[in-house]
1. Would you please name the residue that is nearest to K129 (Cα to Cα), looking only at residues in the range 104-115 that are of a type outside the set (A, V, I, L, M, F, W, C) and in contact with a Lys or Arg (Cβ under 9 Å, 6 or more places away or on another chain)?
2. In the range 41-87, what residues are in contact (Cβ under 8 Å) with a residue 60 or more places away in the chain and over 20 Å from Y139 (Cα atoms)?
3. Looking at (1) of a type in the set (V, I, T); (2) crowded, with 16+ Cβ neighbours inside 10 Å; (3) over 30 Å from E264 (Cβ atoms), which is the one condition that is false for T169?
4. Looking only at the range 179-207, count every residue that is surrounded by 14 or more Cβ atoms within 10 Å (Cβ to Cβ) and more than 20 Å from N219 (Cα to Cα) and tell me the total.
5. I'd like to check which helices (runs of 4 or more DSSP H) are fully inside the range 1-96 and have at least 3 residues that are modelled with pLDDT of 90 or more and either buried (at least 19 other Cβ atoms within 10 Å of the Cβ) or assigned by TED's automatic domain parsing to the domain that holds V253 (or both).
6. With the condition kept exactly as written, say whether any residue in the range 111-123 is among the hydroxyl-bearing types (S, T, Y), assigned to a loop (DSSP other than H, G, I, E, B) and under 27 Å from E186 (Cα atoms).
7. Say whether the condition of being on the phi > 0 side of the Ramachandran plot and surrounded by 14 or more Cβ atoms within 10 Å (Cβ to Cβ) is met by at least one residue in the range 227-245.
Amino acid sequence: MKRMRMALVAAAAVSALALAGCAGDGGTEEPSAEPAPTFEAGTTMAKLSEAGKITVGTKFDQPLFGLKGPSGDPEGFDVEIAKIIASELGIDEENITWTEAVSANREPFIENGDVDIVVATYTINDKRKEVVSFAGPYYMAGQSILVLADNDDITSEEDLVGQPVCSVTGSTPAANLKELGAEVIETDTYSNCLEPLRSGQVVAVSTDNVILAGLAAQNEGEFKVVGEPFTEEPYGIGLALDDTDFRMWINDVLEEAYEDGRYEEAWNSTAGAVLPYVDPPAVDRY
């Protein structure tokens with residue numbers, strides 16, 4: 001894929017030189033448009049590029065990563081990562097269809113073909129890899145704890161044992177809490193955990209630290225994140241099972257975005273408003 005892109009750049013450079021020569025002779029030729037990307041026939045990349053559109057599953061209620069904005073479209077780091085992938089397919093932002101993906105429907109959306117990819121704080125794990133594939137990881141999060149700002153009794157995951165804690169159905173954090181011995185109160189989105197926390201129905205909300213940081217920032221003064229992360233949650237891009245060509249291509253795109261600064265720019269313009277930048281993890285080409 002990189003060799004193909006280098007060839008396209010070289011061809012564009014030759015074309016630009018030719019146009020410069022014409023201009024020197026008094027011509028008024030306009031610069032040619034950047035060549036459209038080309039892909040091997042029959043691949044998912046070719047199909048999406050030829051269609052000129054892509055459907056992306058992402059969160060609509062996750063501050064910093066995927067939150068539905070005033071425009072009606074989601075905004076955040078996951079959204080920017082999806083836009084980078086779309087741009088490499090030659091697909092403009094306005095031709096991206098955003099579909100709300102909550103934790104419980106991400107695998108069904110991919111399996112049923114409702115979306116082309118899912119970029120939605122989506123932890124890679126072996127159980128999920130039985131039904132979908134993952135590119136990445138592109139970010140390493142960790143499970144942590146959100147409590148009321150005046151709660152000094154809970155400082156680590158050990159304090160959650162036997163306690164009512166809110167998390168999301170179908171999520172890795174909910175499974176971790178059950179294994180830990182907490183009494184898990186489940187709902188469909190993390191934003192729906194906040195009212196039970198305010199009312200005292202639960203003593204904490206637990207999920208990935210970046211999600212909790214976003215919720216705390218959105219509700220300044222009400223909540224705080226406590227303790228150190230007690231798991232590693234590698235975020236990946238979900239796609240159809242066994243679509244190896246597409247998975248490897250997305251991994252190429254991620255690595256290029258790491259190198260050319262687009263990844264860091266995406267972070268700084270979204271989650272970087274609250275969280276420090278860290279170098280991305282190495283992609284797993286399993």
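The values are calculated or read from the model by the stated rules, or taken from the named source; none is laboratory data. Since the model is a prediction, treat every value here as computed from it, not as a measurement. Ideal geometry is used to build each Cβ from the backbone, glycine not excepted, and the neighbour counts take in all protein chains shown.
1. Filtering the range 104-115 down to residues of a type outside the set (A, V, I, L, M, F, W, C) leaves 105-108, 111-114.
Narrowing the set further to residues that are in contact with a Lys or Arg (Cβ under 9 Å, 6 or more places away or on another chain) leaves 106-107.
Details: R106: 12, E107: 10 Å.
Among those that are of a type outside the set (A, V, I, L, M, F, W, C) and in contact with a Lys or Arg (Cβ under 9 Å, 6 or more places away or on another chain), it is E107.
2. T43, T44, M45, L48, I54, T55
3. With (1) of a type in the set (V, I, T); (2) crowded, with 16+ Cβ neighbours inside 10 Å; (3) over 30 Å from E264 (Cβ atoms) applied to T169, the lone miss is (2).
4. Count: 6.
5. Of the helices (runs of 4 or more DSSP H) lying wholly inside the range 1-96, those with at least 3 residues that are modelled with pLDDT of 90 or more and either buried (at least 19 other Cβ atoms within 10 Å of the Cβ) or assigned by TED's automatic domain parsing to the domain that holds V253 (or both) span 44-51, 77-88.
6. Here is the first cut: in the range 111-123, the residues among the hydroxyl-bearing types (S, T, Y) are 121-123.
After this cut, where a residue has to be assigned to a loop (DSSP other than H, G, I, E, B) as well, the list is 121-122.
Subsequent filtering for residues that are under 27 Å from E186 (Cα atoms) retains 121-122.
The answer is yes; a qualifying residue exists.
7. First, the residues of the range 227-245 that are on the phi > 0 side of the Ramachandran plot: 227, 242.
Subsequent filtering for residues that are surrounded by 14 or more Cβ atoms within 10 Å (Cβ to Cβ) retains 227.
Yes, the range 227-245 contains a residue that is on the phi > 0 side of the Ramachandran plot and surrounded by 14 or more Cβ atoms within 10 Å (Cβ to Cβ).
Table: residues versus (1) in the same structural domain as E255 (by TED's automatic domain parsing); (2) within 23 Å of T58 (Cα to Cα); (3) not acidic (D, E).
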residue	(1), (2), (3)
E186	no, yes, no
Y190	no, yes, yes
C193	no, yes, yes
S199	no, no, yes
V203	no, no, yes
L212	no, yes, yes
Q218	no, yes, yes
